[in-house]
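For reference, the structure is listed below as structure tokens.
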Amino acid sequence: MITILVKEINEFLDSLIAYVVTGIFLTGIGLLMWVFPDTNVLDYGYASMETLFSLGPYVLMFLIPAITMKSFAEEKRSGTMELLYTLPFRDLEIICGKFLAGFILVCLSILPTLVYYFSLLYLGNPVGNIDTAGIIGSYIGLVLLGGIFTAIGVFSSALTSNQVVSFILAAFLCFIFYAGFDSVAAINIWASSSYLMSQIGILSHYETLSKGLIDFGDVVYFLSMIILVLYFTRVTLILQRK
């Protein structure tokens, strides 16, 4: 698994897309937090990173599929998938290696946003007037959300040999799982089932963590979703070999 992990990270860092995608993510978040009139923190009148944690997931919906779209799709297109199967790696090791590589790259993309936290920390009046505990909880939620999106991206890449199709499918699935269930649950035809439906989606669990409330049930939900999606990825690969 470590071999696959190192290989994937090296391939991504050797490509121009690594720096373009990360640059676009940081630029987009920076503009939303500091420039755009409806979202920048300078207009709020108080030190808050709500913009990052409320709009960041929608930016990650496009960032992460761009990172993961070549995970399996490129292997299939170039014909190296069969070679990969001949090596002494189990399916689980291959999948986990590719997932962890993508997840590490996502975390490295999120890491520079800590600059925004330290900027607000010293811009506050008095200095340090910021909800640090809440921000830590929000970062945990954002990282766990990145884990689910990465798993979905790897799964989407396993379904096709076309990177563009993989990107579009992953972005679509990320949106459906993040906000789709809550949108459907809001329709007034589900009665008592609407709460259960919203709990299946990611948004309600992410919003709890974004408030700084680290609930054990929400953390279990995120980890369970990651494991479930990776399991479906393994099933997909097994079916494709038959």
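We did not get these values from a lab; they are worked out from the coordinates using the rules stated. Just so you know, these numbers come straight off a predicted model, no measurement behind them.
Structure notes:
- Cα gyration tensor shape of the stretch 64-193, rounded if a/c is under 1.5, else prolate or oblate by comparing a/b with b/c: oblate
- On full extension, the segment bounded by Asp91 and Lys211 gains 39.4 nm, given 0.36 nm per residue less the C-alpha separation.
- The chain, relative contact order [Cα under 8 Å, separation at least 6], %: 25
- Candidates Phe89, Phe177, Phe167, ranked by Gaussian network fluctuation over the chain, Cα under 10 Å, top entry: Phe89
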